[in-house]
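Asks: Quick one: structure below, then a few questions.
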């Protein structure tokens with residue numbers, strides 16, 4: 001698939017802008033830091049995932065002094081034209097449309113436009129908290145099967161209710177609290193097992209694709225330690241979740257929080273048999289973070305029958321020259337939008353250039 005046109009109104013630092021990326025190959029967007037390059041990728045990603053990949057609240061997405069931001073993208077997928085639109089309102093409900101038809105829920109927009117986004121913050125997937133790795137798995141599952149978003153929402157809802165009950169207990173389950181907690185335990189066991197099973201079943205195929213991408217990057221960069229990438233989903237409990245919740249009830253009541261379940265799980269990663277989070281070099285960690293995105297990209301392309309739009313935000317500033325050249329040589333086939341504040345590898349298959357300056361896009365004026 002590819003995006004033909006992106007239109008922004010009052011989004012971030014853009015008063016009004018249009019971008020017409022090349023349908024195949026790399027559209028290179030260069031400019032100084034703070035010029036708005038990342039904002040363009042954020043807008044495209046938002047129309048795919050209905051959230052900011054930078055974790056920004058809605059108030060930060062609407063241009064200062066405006067009450068509403070409007071995003072539109074014309075895309076093509078499997079010979080079909082797709083129009084996705086989003087209205088972000090500071091006062092009132094946001095509105096989303098697919099092919100000009102209003103959507104009742106923003107989740108209904110998921111899966112219409114497929115993107116793979118890599119940003120410098122992706123290093124946190126490898127070296128950061130377990131939450132970053134759980135989010136990575138869930139985001140990938142949503143790209144593969146949009147219904148996973150509903151499963152995650154249900155899990156979050158049940159956890160919120162269960163934790164509220166535990167906090168109100170103040171360490172002691174009195175009166176009807178125990179029987180009420182029984183009900184939430186059953187709901188959490190059902191929702192939690194579904195999410196954990198989906199994550200765990202994804203890992204073997206993801207491990208294979210991530211290892212393949214890591215080997216390609218290592219070989220192309222001349223890295224002698226090509227190694228093997230290992231991924232393992234680690235649950236925070238053993239046996240049925242309902243039994244684990246019952247066993248942890250006293251501790252949960254004492255802490256006022258749920259201590260077992262998919263919200264406590266982790267994705268263990270290794271390179272050459274060593275724990276990636278604690279024993280890999282920073283270069284290896286960055287290569288692994290990039291390989292995770294490329295591996296997920298390959299999975300989505302294979303299972304959805306179309307290659308997602310690849311969005312690379314300032315990736316070359318975070319890689320050494322060898323790994324930068326390797327990435328340029330190993331980019332998957334399809335449409336890619338790449339931002340950079342300076343020079344890029346000569347091997348990058350640039351089909352179109354543009355320069356961004358203070359929220360203005362100038363076609364054909366890339367830096368050298």
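Asks: Conditions first: (1) over 21 Å from the mean Cα position of the chain (by Cα); (2) surrounded by 18 or more Cβ atoms within 10 Å (Cβ to Cβ); (3) in a strand (DSSP E or B). Residue 72 passes all but one, so which condition is the exception?
Replies: Unmet condition: (1).
Each row is one residue, and each column tells you yes or no for (1) buried (at least 18 other Cβ atoms within 10 Å of the Cβ); (2) at pLDDT below 95.
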| site | (1), (2) |
| --- | --- |
| 264 | no, no |
| 275 | no, no |
| 293 | yes, no |
| 299 | yes, no |
| 311 | yes, no |
| 315 | yes, yes |
| 320 | no, yes |
| 324 | yes, yes |
| 327 | yes, yes |
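Asks: Select from the stretch 320-348 the residues that are more than 17 Å from the chain's Cα centre (by Cα) and within 17 Å of residue 33 (Cβ to Cβ) and list them in ascending order. Spell out the reasoning first.
Replies: Our first condition is that a residue be more than 17 Å from the chain's Cα centre (by Cα); within the stretch 320-348, this holds for 320-335, 339-348.
Once the filter is applied, which keeps residues that are more than 17 Å from the chain's Cα centre (by Cα) and within 17 Å of residue 33 (Cβ to Cβ), the stretch 320-348 yields 339, 340, 341, 342, 343, 344.
Asks: Enumerate the helices (runs of 4 or more DSSP H) found wholly within the stretch 216-286, keeping only those where 3 or more residues are under 30 Å from residue 177 (Cβ atoms) and in contact with a helix residue (DSSP H, G or I) (Cβ under 8 Å, 6 or more places away or on another chain). Even if it seems obvious, please write down each step before you answer.
Replies: Numbers: elements: 241-247, 249-255, 276-279.
Once the helices (runs of 4 or more DSSP H) in the stretch 216-286 are filtered for at least 3 residues that are under 30 Å from residue 177 (Cβ atoms) and in contact with a helix residue (DSSP H, G or I) (Cβ under 8 Å, 6 or more places away or on another chain), what remains is 241-247, 249-255.
Asks: Something else now. Just for the stretch 50-69: of the residues that are part of a helix (DSSP H, G or I) and surrounded by fewer than 21 Cβ atoms within 10 Å (Cβ to Cβ), which one is farthest from the chain's Cα centre (by Cα)?
Replies: In the first step, residues of the stretch 50-69 are kept if they are part of a helix (DSSP H, G or I); the result is 58-61.
Now drop any that are not surrounded by fewer than 21 Cβ atoms within 10 Å (Cβ to Cβ), which leaves 58-60.
Working: 58: 17, 59: 20, 60: 19 Å.
Only one residue tops the list, namely 59.
Asks: Limited to the stretch 289-326, what total is found for residues that are closer than 12 Å to residue 115 by Cα and without any contact (Cβ under 8 Å) to a residue 40 or more places away in the chain?
Replies: 1
Asks: Residues to consider are 105, 95, 100; find the one that is over 30 Å from residue 332 (Cα atoms) and touching a strand residue (DSSP E or B) at 6+ places or on another chain (Cβ under 6 Å).
Replies: Numbers: 105 fails: touching a strand residue (DSSP E or B) at 6+ places or on another chain (Cβ under 6 Å); 100 fails: touching a strand residue (DSSP E or B) at 6+ places or on another chain (Cβ under 6 Å).
Checking each option against the conditions leaves just 95.
The values are calculated or read from the model by the stated rules, or taken from the named source; none is laboratory data. Because the structure is a prediction, the values reported are computed rather than measured. Don't worry about glycine lacking a Cβ; one is built from the backbone with ideal geometry, like all the others, and counts go over all protein chains shown.
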